[in-house]
Each structure stands twice: as structure tokens, then as C-alpha cells.
Amino acid sequence: SPVLWQQLQRIVQWQPRFASSSPRWLLLLSILIAALPSPECHRVAITLNLEADSQYRLKYLHQWEATLLTQLSQEPPPSRIFECLQPYGEFELLLIAARNPYTLAPHIWLYIVLLSRMPPLINGGTLKRLGYRPGPQFREMLTAVHRHMLDGDIDTAQAAEDYIIETYPLEFD
């Protein structure tokens, strides 16, 4: 069909730049199989004796797309896009983008090209230097700073440190 042909063309165009480590033939085959109704995708992947990760991907691709379409239906902030897309690998993101060019692809490109490449403003070493003890709260603190950085609320390491000090006051024994 014309829609399937366009999806295949997108894969051919995007694969060298965005998923160069993924075999093109497998991406193309996955697009073809994904055109089938959801339950049949997994069955065909098993019948073709594809590797376990491909079988898993084709089993859940339709479900992932539905979930992402719901999660990213409004104009989400960059931190929400990052949070929703971070669990997926380049292979999955490329498939989803090729199959959903007008709905999910813009968010996926923003994630791949910009959001996933933004280095953190601070790290655990910064938190230790500020007087915080290492522990589970480090992840929460660093995630909060990262979220604010992605949304443009914090843009320097000093602003990140100020945010941490203000939001997470030190407790002294």
C-alpha cells in the first residue's frame, strides 16, 4: 500500500543517520510485519524464527504506540517527552516514528536529536560537594534538576545548585 511504501522509505532514509547499528533488513522486515494486526505480528516473528528481541518488539509495538499516542497527545513539555521515550531503544523509536510520522515522529526526533544528548548540569559529585549524603534521594534530586533543565527552567550549573539548595534543604544532625 502507499502508506506501507512510505514507511519503508522513511526507514531507508533515516536508518543510516539514526540507527546505523541496526540492520536495515531487520528494520524493513519489522515494518512489513508490523503492518499486520497486533496478535499476528508476534506469531509471524516466531514463525520466521527472529531473535527474541525482535519477537518481543513485534509483540508489543502496537501497544507501545497506543500508549505513547495517549501520553504525548497534547503538547507535552520536553521533560515529559524525555520521560516517555527514554525506555525505548533506537530501533523501537525508529519503527514508531516511521509508522506515526505526524503524531509521534516530531516528539521522537526532538528526543533523539536534542533531549537525549543534553549533558546534565550537575551530578552526584556536585551534591556531595554541597554537603548531601549519598543515598536514594540523589536520583530524585538529579532527576528533578534534569527535568527542569529540559523544560528550560534551569540553564546553568549554578542555577541547578541553587535549585537543589532551595528545594532540598540540608538536614544537620
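The values are calculated or read from the model by the stated rules, or taken from the named source; none is laboratory data. Remember, predicted model here, so these are calculated numbers, not experimental data. Note: ideal-geometry Cβ built from the backbone for every residue, glycine included; neighbour counts use all protein chains shown. The area values use the complete protein model at the heavy-atom level, side chains included, leaving out ligands, DNA and RNA. Shrake-Rupley method; radii C 1.70, N 1.55, O 1.52, S 1.80 Å.
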**Message:** If the elastic network links every pair of Cα atoms under 10 Å, which of L121, L27, L95 fluctuates the most in the Gaussian network model of the chain?
**Reply:** L121
**Item:** Residue (of Q63, W25, P76) at the positive-pole extreme of the chain, dipole from beta-carbon charges
**Value:** W25
**Message:** How high is the relative contact order of the stretch 8-124? Use alpha-carbon pairs under 8 Å, at least six apart in sequence, and give a whole percent.
**Reply:** 28
**Message:** Over the Cα atoms of the stretch 62-113, what radius of gyration and what Dmax do you get, in Å?
**Reply:** 9.5, 25
**Message:** Could you work out how much longer the chain between A157 and A35 gets when fully extended? Use 0.36 nm per residue separation minus the Cα distance between them, nm to one decimal.
**Reply:** 39.3 nm
**Q9 versus A66: modelled label distance in nm, points set 7 Å from Cα along the beta carbon direction** = 3.0
**Request:** Go through V3, V12 and list them by solvent-accessible area, largest first, probe radius 1.4 Å.
**Result:** V3, V12
**Fill in**
By the Cα gyration tensor axes a ≥ b ≥ c (a/c under 1.5 gives rounded; else a/b larger than b/c gives prolate, otherwise oblate), the shape of the stretch 32-103 is prolate
**Request:** Indicate the gyration tensor shape class of the stretch 1-73 (rounded, prolate or oblate), computed on the Cα atoms with a ≥ b ≥ c the square roots of the eigenvalues: a/c under 1.5 is rounded; otherwise a/b larger than b/c is prolate and the rest oblate.
**Result:** rounded
**Item:** Value of [θ]222 nm, deg cm²/dmol, for the chain, DSSP H segments ≥ 4, -39500 (n - 2.57) each, nearest 500
**Value:** -20500 deg cm²/dmol
**Asked** Taking a probe of 1.4 Å, how large is the accessible area per residue of the chain, in Å²?
**Response** 59
**Neighbour cut-off at most 13 other Cβ (10 Å), DSSP loop, chymotrypsin sites (Phe, Trp or Tyr not before Pro), the stretch 67-104** = Y102
**Asked** In debye, nearest 20: dipole of the chain around its Cα centre with unit charges on the Cβ of K, R (+) and D, E (-)?
**Response** 720
